[in-house]
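Here is the structure we will look at, set down as structure tokens.
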Amino acid sequence: MTEPCFCDSNKNFKQCCEPFLKGNKVAKTPKQLMRSRYTAYASGNQGEYLLATWAPESCEGLTAISLSDKTYDWIKLEIIDSSQKGNEGRVEFKAYYKTDNGLLNVLHEKSAFIRRDGRWFYVNGEVKIEP
Ligand SMILES: [Zn+2]
């Protein structure tokens, strides 16, 4: 059975983000990590993964439980740009979601990532919400 991945890669979930979420694979690029984190948000119940891929210095106050909550109905992911320079990475993307009152909003973010001991972590992002 095929199940399209949440991250709109046109790939099967099992071959796309699932191995990252299960810890069977480590993201090799900031873009891969970004996609898998979007998938974690979109599927819900993946707080452990979100926390594990968050740079410890910037996730203060967040818990796996709070991150497991499905905050919005995430509809679509669009990667606009991504780059990598040594152990630093950037990804610009638009994530579309439905608000509680059914409106379609866009979260436009420029995220920063860092690589430590071969693993990528999300550091922070510059976020704009566009209606
Ligand atoms: Zn995916």
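The values are calculated or read from the model by the stated rules, or taken from the named source; none is laboratory data. Computed from a predicted model, the values in this text were never measured in an experiment. Cβ sites come from the backbone with ideal geometry, for glycine too, and all protein chains shown count toward neighbours. Note: accessible area is taken over every heavy atom of the protein model, side chains too, but ligands, DNA and RNA are not part of it. Shrake-Rupley method; radii C 1.70, N 1.55, O 1.52, S 1.80 Å.
Observations
- Relative contact order (%) - criterion: Cα under 8 Å, at least six apart; region: the chain: 20 percent
- Net length gained if the chain between Asn45 and Asn124 were fully extended (0.36 nm per residue, minus Cα distance): 26.3 nm
- Residue of Ser36, Ser68, Ser83 that the Gaussian network model of the chain assigns the largest fluctuation, springs spanning Cα pairs under 10 Å: Ser83
- Per-selection Rg to Rh, the chain - Cα, Kirkwood hydrodynamic radius: 0.94
- Hypothetical label at Ser58: residues of the range 94-112 whose amide nitrogen lies under 19 Å (7 Å Cα-Cβ projection): 94-95, 107-112
- Just checking the listed ones, Lys25, Lys70, Lys85: in the Gaussian network model of the chain with Cα springs under 10 Å, the one fluctuating most is Lys85.
- Among Thr53, Thr99, Thr39, residue whose mean-square fluctuation peaks in a GNM of the chain (springs only between Cα atoms under 10 Å): Thr99
- Cα centroid of the range 1-66 to Cα centroid of the range 83-131, whole Å: 12 Å
- Contact order, relative form, for the range 68-131: 26 percent (alpha carbon pairs under 8 Å, 6 or more residues apart, mean separation divided by residue count).
- Reachable lysines, given that their alpha-carbon falls under 17 Å from the alpha-carbon of Lys94 and they are not under 8 places away in the same chain: Lys31, Lys76, Lys110, Lys128
- Here the chain exposes an accessible surface that is 48 percent carbon and sulfur, computed with a 1.4 Å probe and the other protein chains kept in place.
- Heavy-atom accessible area per residue - the range 1-128, 1.4 Å, Å²: 60 Å²
- The chain: calculated mean residue ellipticity at 222 nm from DSSP helix runs of at least 4, using -39500 (n - 2.57): -5500 deg cm²/dmol
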